Amino acid sequence: MTNMVSRFRVKKLSPKHPLPIYKESQLPDLIDPANIIQRAVPQVETGVEKEEEEEHDLQAAISAAQAAVTTGAKVETYIPTPDASNRIDNKLYTQLYKKKYKEPSTLIRFSSTVEESTGCPYVMDEEDDQFLKSTAMALSEDDFEKLMWEFESIATHQFPHLHVDQSPIPEFEDFLMLVPESSIIHKWTVASQLFEHWRGRRSRRAMKCIIPTLAYEDISKHEIDPYVCFRRRETKPVRKTRRSDQQSLERLRKLRSEMETARNLLEMVLRREKLRKEGLLMEHTVFEKTCRIRDQQRALGIKEDEELTQMLLSKKKRKITLPDSSAGTTIKIPLHRLKRDAFDKLEKSPLQLQIESELAKRRERDADYEDITENPYQPFPRSIPNMFFQPLPSTSSPSPKLRFRRRMGRGGRMFIDRTGHLPPSPHTKFAFDGDSELDESEEEFDMMDDRFLHRQVEALDENDLRSLLTVPFFPNMDPTRKKKPLPADVLLPCP
């Protein structure tokens, strides 16, 4: 009883869902115990659409099949299907379907679609045959089918919604304006008679195509047709929570990171192998060049040069055995520093030692000198009188010394008076005023004249002029530094 209640739970009424209306004759007899038992038994999945389960033939076939399973009775009711039990004769089968098929050498391959290569899909029926015989037109059956198919294809292309709006087909003269020039309709004079036959057939079929096509679902009509091709299925979407979304997102992120890590490792391995290959090829090339140089030395009778030998036979770095650090706590030196010290301690050739000693002697000899041979700075030349002029101290002071006197004032205040100072200049109120007649005359001056330029230049002394002309950029370019110049044979001559 619990299962029956849970299966047939009363749902809430809603104005959005339509309610079916039954007559008294359509209701089952609930007093009958058989109906109560059938109501409690769960329904078996039939494998067909829910709306099509109520069909009479289908229900009779399903009930007969279930009764045969339970009682063992013979199934007398079945769904009608084409009979495929008959077998074709073996001789006819071997004649139609050959076992060994060999592709011919003259097979032409092309890229056309199936629709383009099928030809004329229109097929005459009894009505077309009767019309063709009654009119006695000089037209073969193949040409009749081609003309009918031309009318069908042009109407489908020009009037795609003809069966929806039920608009009449235009007359032959108006229809002929829509026909392309390459069509075969223009070549036949009987096309007008055939057009009337075709238009009558389309009108009788409610403006649908004469040749049946695939029936698709019509959205405007809310009716269920079992013969509709590609019916729409309303699948209930899977409910996802935020947690499930986060889990799937984390899995995708982890998978992506792992894939990127694997790809990076493969790229690094590939790069390493390429470098190894290039290194081997370079070593092989160096070995070949070395052998060729030695052959040339023997052929030309050149003695072995020590410098050339050092270049050809490069010494390998010695391997340094690190002390065992397991015995006690020791100071660990980085490995790269040990390798660098070991590389510095390698034996050098006598020629290299001689060159280094010569360079050290030259640096020691030139320690007190400053090399300015590559210095583009040229100091401002000093005038000759300034080089040899020596000032003499004067015996008489040119300016008198200042003198003061002290006097006492009232209240014990002390005053200091300055003596020997110049008298103050008299105040002339109108000293800089001029006549109005003189102000009206204006005189132009050339500021680039030598007189005015001389006045402007006199404001700077010689040291300022030197600094403006040549300013040292670096400390070693300053000529005032006390450092010995290079010998005369080292200095470059001035241009």
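Quick rundown of the values:
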quantity	calculated
Only listed residue being at pLDDT below 90, closer than 19 Å to ARG205 by Cα and surrounded by fewer than 12 Cβ atoms within 10 Å (Cβ to Cβ), chosen from PRO180, PRO160	PRO160
Flag if ARG382 is surrounded by 10 or more Cβ atoms within 10 Å (Cβ to Cβ) and either at pLDDT 85 or above or of a type in the set (Lys, Arg) (or both)	yes
Residue in the range 130-148 that is modelled with pLDDT under 80 and either surrounded by fewer than 11 Cβ atoms within 10 Å (Cβ to Cβ) or not acidic (Asp, Glu) (or both) present	yes
Which listed residue is at pLDDT 95 or above and out of contact with any His (no Cβ under 7 Å at 6 or more places or on another chain), from LEU265, LEU335, LEU300	LEU265
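The values are calculated or read from the model by the stated rules, or taken from the named source; none is laboratory data. Just so it is clear, the model here is predicted, and its values are computed rather than measured. Quick reminder, even Gly has a Cβ in these numbers, built from the backbone with ideal geometry, and neighbours come from all protein chains shown.
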